[in-house]
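**Q** One structure follows; several queries about it will come next.
Each value in this text was obtained by applying a stated rule to the coordinates, not by laboratory testing. It should be emphasised that the depicted structure is a prediction, and the values quoted were computed from it without experimental measurement. Every residue, glycine among them, receives a Cβ derived from its backbone with ideal geometry; neighbour counts consider all protein chains shown.
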Amino acid sequence: MDMQSSEQAWITLGAALDHAVSWGAAPGQCHLETVTLPPVLDEGMVLRLLCTGALREGQSVDLASGAVWEVSSVQEKSKYVPGQRVWLHPAPPCGICPACLAGCAVSCRDSHRQTAFPGWMSSVRVLHPWAVRRGVVPVPSTVGPDLFTLLVPMARAMRVRRTISRRDRVLVVGNGIQALLVGAALDGPGRRALVNPNGDLQNVGSFGFQHSGTGLEPMREALQGEPDLVVVVDGSADLLEAAVHSAGLGTTVVAMSSVPAGDRFSQLWEKQTTLMFQRGIAPEDLVPARNRIVEIARTLDAVPRSVVAPELWEGRETLEALWTVIESCAPSC
Ligand SMILES: [Zn+2]
């Protein structure tokens, strides 16, 4: 198939997809908009949104990074086929510039390219070949697409696994699903305990934690020694400080959220603690994250989630459910 003009692209997409639904600032504030699709270039493709997800983690909700798509049509020169499911990197980096090679893909100049049309979220999306080559992670259709709305939090967890070698006694502090995924990523020999201050996480044993509770000290005892890795997923500066306090000499502390370290951490110096901030994702963790999601699909399927239609999503800053999946049917706004 050879689609050199927007008109031909329209024909190929068919009557059911003769317009792209743009959701505007947030799905709850959606507006229907008919747009002329740009030409689908060689190696480019057209996608249909299946679903997207949002997690309650006390941080801003980024629906674009949780979106899962289905390939609608492709150009001749493509390794993808219609019907294939994919996750799209919302801002794919080049992978070869100094920033990318230093592991700081968010500083890649190319990650600011316009690689998809229209906008950040729509029912139909035309993807530029540049993004097809760098920002597509195929996902299997044997697993529900909603599970891959967790790809970014899983990639963040897999980054901890990749960058920290010593993890015999792991202490994880957090309230959201991200804390569970850290347990799933670090699963293996050794002991893992979860401090869940809100007490809102269930079934933590299937995510690799032998112990869980709402307080720091009991979990520290459950590890039968001082933790050699502390991962603070979310929480206040006080929690981070308490976690650093509970750690042993030479421990690595990974902070996955924007907790201000301030100047209260004199213990970092005294305990020779390594404090690492790992908020973003690294491209090399995306495929391992996809694979881990497939491996633990049954466990993830058991996690309660709230499923809503796009028009019922109000772009809330605070989520009632730990995990919200927004179905992709065209909103009737
Ligand atoms: Zn780059």
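**Q** Tell me the net charge near residue 53. Cut-off is 13 Å between Cβ atoms, residue 53 excluded, with +1 for each Lys or Arg and -1 for each Asp or Glu.
**A** Numbers: positive: 56, 305; negative: 57, 62, 146, 327.
In short, -2.
**Q** Dipole of region 154-277 (Lys/Arg Cβ +1, Asp/Glu Cβ -1, origin at the Cα centre): which of 188, 223, 268 lies farthest to the positive side?
**A** Checked the options; the winner is 188.
**Q** Here is a follow-up. Search the structure for amide H atoms under 5 Å from the amide H of residue 306, placed 1.01 Å from N in the peptide plane, and list their residues when 5 or more places away or on another chain.
**A** For residue 306, whose amide H was placed from the backbone, the distant partners under 5 Å are 323, 324, 325.
**Q** Continuing with the same structure: If each residue's Cβ is checked for other Cβ atoms within 10 Å, how do 271, 77 rank with the fewest at the top?
**A** Values: 271 18, 77 10.
So the residues, fewest neighbours to most, are 77, 271.
**Q** Given a cut-off of under 8 Å on Cα pairs at least six residues apart, what relative contact order in percent is computed for region 116-253?
**A** Numbers: 208 pairs, mean separation 28.6, N = 138.
Relative contact order for region 116-253 comes out at 21 percent.
**Q** Run through every distinct alpha carbon pair of region 154-277 and return the Kirkwood hydrodynamic radius in angstroms, one decimal place.
**A** Working: mean 1/r = 0.0718 Å⁻¹.
After inverting the mean inverse Cα-Cα distance, the result is 13.9 Å.
**Q** Quick one: which residues, 5 or more positions from residue 191 or on another chain, have an amide H under 5 Å from its amide H? H modelled 1.01 Å from N in the peptide plane, none for Pro or chain starts.
**A** 169, 170
**Q** Ordered by residue, what ³J(HN,Hα) values in Hz, to whole numbers, does region 36-50 give under the Karplus form 6.51 cos²θ - 1.76 cosθ + 1.60, where θ = phi - 60° and Gly and Pro are x?
**A** So the Karplus estimates, Gly and Pro as x, are 7, 6, x, x, 8, 6, 3, 6, x, 7, 10, 10, 10, 6, 8 Hz.
**Q** From the backbone phi of region 107-115, what are the Karplus-calculated ³J(HN,Hα) couplings (6.51 cos²θ - 1.76 cosθ + 1.60, θ = phi - 60°) in whole Hz, Gly and Pro given as x?
**A** 8, 5, 4, 5, 5, 9, 5, 7, 10
**Q** Also, I was wondering about something else. So what's the net charge close to residue 283: Lys and Arg +1, Asp and Glu -1, counting the other residues with Cβ under 13 Å from its Cβ? Could you put the intermediate results ahead of the total?
**A** Details: positive: 133, 134, 156, 159, 162, 290; negative: 110, 284, 285.
Local net charge: +3.
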